[in-house]
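Following: one structure in structure tokens, then a few remarks.
The values are calculated or read from the model by the stated rules, or taken from the named source; none is laboratory data. Note that the structure is predicted; figures quoted are calculated from it, not measured. As a convention, Cβ positions derive from the backbone with ideal geometry for all residues, glycine included, and neighbour counts pool all protein chains shown. Note: areas computed on protein heavy atoms with side chains; ligands, DNA, RNA excluded. Shrake-Rupley method; radii C 1.70, N 1.55, O 1.52, S 1.80 Å.
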Amino acid sequence: QVQLVESGGGLVQAGDSLRLSCVASGRTFSSNTMGWFRQAPGKEREFVGGIGWSGGSPYYADSVKGRFSISRDSAKNTIFLQMNSLKPEDTAVYYCAASMLRYIYSASGYDDWGQGTQVTVSS
């Protein structure tokens, strides 16, 4: 099992930037992909983007392409979600997750989840 802890959420204004972090511990060697998801009130959990632990380019949902970017620091077992040009519709709880699969978009393909961090974007 992989333990995941997100941080970096907060209240920002539209157009601002925010960077989320996710630190992984435990059986991190069993994971191939780390993903970011978000869930707004009353909505289903939505894929934001993912990245491989050992290499490969990050991949994103169309709704965030060009605004969000994912990076990793493998030595520190940490992934980041840099969010630029934030919009009110980006308001959600953001989760990181770990999967043994590669290039997986569906939440059902992820095995371990963090507790989430709230991001609120005011207009």
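Each row is one residue, and each column tells you yes or no for (1) surrounded by 15 or more Cβ atoms within 10 Å (Cβ to Cβ); (2) farther than 20 Å from residue 122 by Cβ.
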residue	(1), (2)
17	no, no
55	no, yes
59	yes, yes
82	no, no
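If you check residue 1 against the conditions, is it at pLDDT below 90, surrounded by fewer than 16 Cβ atoms within 10 Å (Cβ to Cβ) and out of contact with any Cys (no Cβ under 6 Å at 6 or more places or on another chain)? Yes, satisfied.
If the condition is being in contact with a Ser or Thr (Cβ under 9 Å, 6 or more places away or on another chain) and at positive phi, then region 93-123 contributes only 103.
Does residue 86 count as open to solvent by less than 50 Å² (accessible area, probe 1.4 Å) and either in a loop (DSSP other than H, G, I, E, B) or touching a residue at least 40 places away in the same chain (Cβ under 8 Å) (or both)?
yes
Screening 95, 105 for residues that are assigned to a loop (DSSP other than H, G, I, E, B) and in contact with a strand residue (DSSP E or B) (Cβ under 6 Å, 6 or more places away or on another chain) leaves exactly one candidate, 105.
Looking only at residues of region 19-46 that are closer than 14 Å to residue 90 by Cβ and touching a helix residue (DSSP H, G or I) at 6+ places or on another chain (Cβ under 9 Å), we find that the one that is least open to solvent (accessible area, probe 1.4 Å) is 37.
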